[in-house]
Amino acid sequence: MLRIRFHGRGGQGMKTASRMLGSAFFIEGFEVQDAPRYGAERRGAPIFAYVRADTAPIHERGVIPYPDLALVADDTLVGVPAAGVLQGLDAHAVLALSTTEDADTWRARLNTDAQIVILPPFSAEDPAQRPYVGALLAGAAACLVGLKANSIIQAIAQELDGHGTDVIAANQQRAHAAYEAMAAHAALTHPRAEDSTPPDTHWVTLKHEDADTSAPTIHGAATSVQIKTGLWRTLRPVVDLEHCNRCNWVCGSFCPDGAISADKDGYPVIDLDHCKGCMICVAQCPPHAIHAVPEKEPEKGAAS
Ligand code: SF4
Ligand code: SF4
């Protein structure tokens with residue numbers, strides 16, 4: 001069985017990518033399972049999607065702890081524990097990253113035995129490229145698992161049926177270009193031997209327990225503060241104190257997460273552990289004193 005995981009952020013089309021790849025397997029006669037798993041259904045939040053493909057019926061269910069292939073649309077997720085990108089990646093696995101750095105740099109950084117390949121370049125921050133990230137990853141994945149290019153092209157037409165011929169053609173073109181760009185790594189991914197013992201990673205199988213016991217923080221009242229939604233941000237709100245007129249209520253009142261308080265002088269203070277990056281405060285501030293800064297840019301005064 002081939003097990004593939006897609007990692008990205010909400011809005012990058014990872015669910016669509018898994019659907020496209022699953023359909024391409026199906027077109028080639030495989031039994032297929034594909035499913036997304038959401039941490040939170042919001043733009044920017046870490047998103048997972050899975051594909052299993054086999055020549056025999058698939059009885060396995062749930063998350064894929066030991067993938068043969070993990071594709072990552074946003075390299076900033078690698079360092080986010082909640083994203084689980086590195087879960088179960090051993091020497092058998094292929095890690096396909098969208099990044100501006102090379103494979104050697106990532107190999108040294110991650111100290112991993114996984115085979116690392118770099119996905120064709122794209123910018124998820126470029127509005128012109130953003131709608132096609134899913135198709136691009138699906139095209140690259142199809143090549144890495146040894147499917148035919150025509151299968152992913154057909155699968156895209158099926159999955160995007162109803163979106164119009166222009167949309168389908170644009171996605172097919174990106175997927176095909178990504179497929180071609182990965183030619184040097186064609187069919188690099190292989191199924192794990194079914195009798196192989198899973199490698200010793202940090203995966204833990206939990207026994208069934210009542211929710212009261214296994215997740216007391218979820219069951220208890222007023223515990224949302226324990227979830228650091230700051231991990232979801234791709235943009236960070238930054239207050240320009242020179243232009244803030246200390247109205248002292250607009251941004252704080254509109255913030256859906258109660259992440260803005262006022263300091264003793266009446267200036268807003270943003271709790272970045274719990275600001276999820278919705279940018280509502282940026283839109284609502286009357287003098288436009290809050291700016292959206294890409295999360296990749298270091299905070300002023302922060303060590304680089
Ligand atoms: S809404 Fe704008 S002006 Fe008002 S406190 Fe917030 S940042 Fe300052
Ligand atoms: S971006 Fe602004 S409104 Fe949205 S969660 Fe962060 S502080 Fe609150």
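The values are calculated or read from the model by the stated rules, or taken from the named source; none is laboratory data. In this text the structure is predicted, and so the values were computed from the model without any measurement. Please note: Cβ atoms are built from the backbone with ideal geometry, for glycine as well, and neighbour counts cover all protein chains shown. We work out accessible area using only protein heavy atoms, side chains counted, and drop any ligands, DNA or RNA first. Shrake-Rupley method; radii C 1.70, N 1.55, O 1.52, S 1.80 Å.
Side notes on the structure shown:
- Residue match in the range 108-117 (condition: acidic (D, E) and at pLDDT below 90): yes
- Selection count, the range 241-282, where residues are in a loop (DSSP other than H, G, I, E, B) and either in contact with a Ser or Thr (Cβ under 7 Å, 6 or more places away or on another chain) or under 24 Å from K228 (Cα atoms) (or both): 17
- Among (1) modelled with pLDDT under 90; (2) within 8 Å of ligand 2 (Cβ to nearest atom), the one test that S304 misses: (2)
- The strands (runs of 3 or more DSSP E) found entirely in the range 17-135 that carry 3 or more residues being open to solvent by 20 Å² or more (accessible area, probe 1.4 Å) and out of contact with any Lys or Arg (no Cβ under 7 Å at 6 or more places or on another chain) are 31-38.
- Candidates are the residues of the range 241-261 that are open to solvent by less than 50 Å² (accessible area, probe 1.4 Å) and more than 10 Å from ligand 2 (Cβ to nearest atom); the one that is nearest to E295 (Cα to Cα) is C244.
- Test result for A175, out of contact with any Leu (no Cβ under 9 Å at 6 or more places or on another chain), part of a helix (DSSP H, G or I), under 30 Å from G13 (Cβ atoms) and at pLDDT 95 or above: no
- Top-ranked residue in the range 220-240 [being surrounded by 12 or more Cβ atoms within 10 Å (Cβ to Cβ) and in a loop (DSSP other than H, G, I, E, B); ranked as farthest from ligand 1 (Cβ to nearest atom)]: T223
- So P287, is it under 21 Å from A82 (Cβ atoms) and open to solvent by 30 Å² or more (accessible area, probe 1.4 Å): no
- Of all residues in the range 1-15, those that are surrounded by 24 or more Cβ atoms within 10 Å (Cβ to Cβ) and out of contact with any Pro (no Cβ under 9 Å at 6 or more places or on another chain) total 1.
- The single condition among (1) open to solvent by less than 40 Å² (accessible area, probe 1.4 Å); (2) not in a helix (DSSP H, G or I) that A170 does not meet is (2).
- Filter result (in a helix (DSSP H, G or I) and small (G, A, S)) within the range 146-167: A149, S151, A155, A157
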